Amino acid sequence: MSLTNVTDWMNDYGTYDAIWYMKRLSGNDTLANGTHQAGPYIPTQILFRIFPSICQSNVENPDVYFDLYIDSHLDHKKVRAVWYNNKHRGGTRNEARLTNLGGSSSALLDPESTGALTIFAFSGIDSEETSTCNVWVCRNEVEEDLVEERLGPVEPGRNGWRLWSPDLATQTDLWRKGQNGSLPCRLAVHDLPPKWLDKFPTGHEIVDRAIELQTEHGLDPDNRLIKRRRCETELFHSVEEATVMPIIEQGIQTIEDFINLAQTVLQRRKARSGRSLELHVKQILVEEKVREDEQFSYQPQSEPRKRPDFLFPSERAYKDPEFPARHLRMLAVKTTCKERWQQILNEADRVPTKHLLTLQHGVSEREFRRMTEAGIQLVVPDPLQSEFPKAVRPQLQSFESFIADVRLLPI
């Protein structure tokens with residue numbers, strides 16, 4: 001089927017026998033890192049539900065072949081879903097991936113697809129074995145916005161994947177992801193503040209609670225940021241499950257009620273995705289003794305109608321024409337940076353090099369060159385840097401290193 005419009009594609013494949021697995025392709029999914037394990041990662045609990053026949057720990061690397069159509073790029077392959085399970089025989093590997101995609105000619109392996117929002121629509125989930133999968137690899141920021149407008153934000157990383165089904169009965173099972181209670185910040189209803197059950201907490205409240213659960217002052221800023229962000233994400237989903245699941249389980253009587261509920265959930269997720277990382281960064285700056293309003297300004301105004309996330313050493317210094325521009329720094333914070341890095345180029349005219357902190361799991365060498373040539377310095381938490389191409393890693397700056405630099409700026 002030839003479809004070139006992502007909206008039409010979502011309408012066509014949003015059938016009631018489908019499960020959509022959504023993720024952002026990492027450098028280890030594509031060929032960006034040149035790793036031997038190239039091929040999209042799929043959590044085993046999803047793969048076992050879609051392909052029950054490969055859930056066999058007594059068989060070495062059980063697999064199944066099926067038709068996969070990448071409709072965004074008009075490509076078709078007979079691909080292999082495989083569970084690498086040698087951990088059950090004394091090895092270390094226990095993960096599922098899609099292989100046999102045909103190398104870099106496939107949009108799923110193309111290094112330029114690193115960071116791209118991707119939907120895998122598996123059909124026939126109630127049949128004996130799923131026979132086909134239709135895929136859309138978002139080709140630009142506009143397509144990603146259209147997907148997230150309908151389905152909510154999808155964040156990078158192994159824990160950032162999302163599932164969706166148009167069947168509410170199925171969605172009830174998918175909502176929980178099988179993780180309830182398995183992580184320290186995945187709280188049961190009775191562990192949540194009672195007032196949160198009456199009124200959904202603000203982003204600040206959830207971030208503050210995540211910091212309480214993962215204080216971790218002994219950790220370096222990079223690992224602290226990663227752990228707290230994961231904790232806050234789990235905490236957010238705990239509150240979401242506690243407040244939304246009862247409504248779903250009681251039954252939604254009208255289409256209007258369903259649409260209103262869905263819009264509320266999606267708007268809340270989008271609002272959280274856009275702000276929480278900034279709040280974590282701000283808190284860690286304060287913990288690292290970088291003084292607000294003296295050594296950094298949060299959401300300042302650099303020029304009329306321009307508000308970068310952070311200015312160093314302060315908005316006051318930035319607006320002082322006598323303060324040397326070489327001592328000014330700007331930090332933008334974006335969970336993902338594919339294409340979106342261009343949004344920050346004009347945020348602080350006096351700062352020629354724009355620092356951008358991201359949690360995206362890799363970029364292609366070509367995309368990185370474009371960023372560098374435009375004056376972008378990527379700040380990537382140290383645990384994520386291994387997912388970037390080897391040639392790029394030496395040019396990345398860790399969050400800890402960035403903090404050390406701005407701490408020395410004159411005020």
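The values are calculated or read from the model by the stated rules, or taken from the named source; none is laboratory data. Computed from a prediction, not measured in an experiment: that's the story for all the values here. Here the Cβ positions follow ideal geometry from the backbone for every residue, glycine too, while neighbour counts run over all protein chains shown. These area figures cover heavy atoms from the full protein model, side chains too; ligands, DNA and RNA do not enter into them. Shrake-Rupley method; radii C 1.70, N 1.55, O 1.52, S 1.80 Å.
Any chance you could look up the accessible area of ILE252 with a 1.4 Å probe, heavy atoms only, rounded to 10 Å²?
40 Å²
Ordering THR372, THR335 by how much accessible area each has at a 1.4 Å probe, largest first, what is the list?
In descending accessible area the options line up as THR372, THR335.
With a 1.4 Å probe and all protein chains in place, put TYR21, TYR13 in order of accessible area, largest first.
TYR13, TYR21
Can you sort SER364, SER53, SER398, SER131 by solvent-accessible area, 1.4 Å probe, largest first?
SER131, SER53, SER398, SER364
Can you tell me the accessible area per residue over the chain, all protein chains present, probe 1.4 angstrom, in square angstrom?
Heavy-atom SASA per residue in the chain reads 45 Å².
Let me have the relative contact order for the chain, percent, based on Cα pairs under 8 Å that are six or more residues apart.
16 percent
Report, in debye and to the nearest 20, how large the dipole of the chain comes out about its Cα centre when Lys and Arg carry +1 and Asp and Glu carry -1 on their Cβ.
Once rounded to the nearest 20, the dipole reads 980 debye.
Taking only the alpha-carbon positions of the chain and ignoring solvent, what does the Debye formula give for the base-10 log of I(q)/I(0) at q = 0.14 Å⁻¹?
Ignoring solvent entirely, the Cα scatterers give -1.38.
Provide Rg over Rh for the stretch 277-411; use the alpha carbon set for both Rg and the Kirkwood Rh (inverse mean inverse pair distance).
When Rh is taken as the Kirkwood radius, the ratio is 0.95.
For TYR318, what accessible surface area do you get with a 1.4 Å probe? Give it in Å², rounded to 10.
Its heavy atoms expose roughly 10 Å² to the probe.
Using protein chains only and a probe of 1.4 angstrom, how many square angstrom of PHE258 are accessible, to the nearest 10?
90 Å²
Carbon and sulfur: what percent of the chain's accessible surface (1.4 Å probe)?
That fraction is 48 percent.
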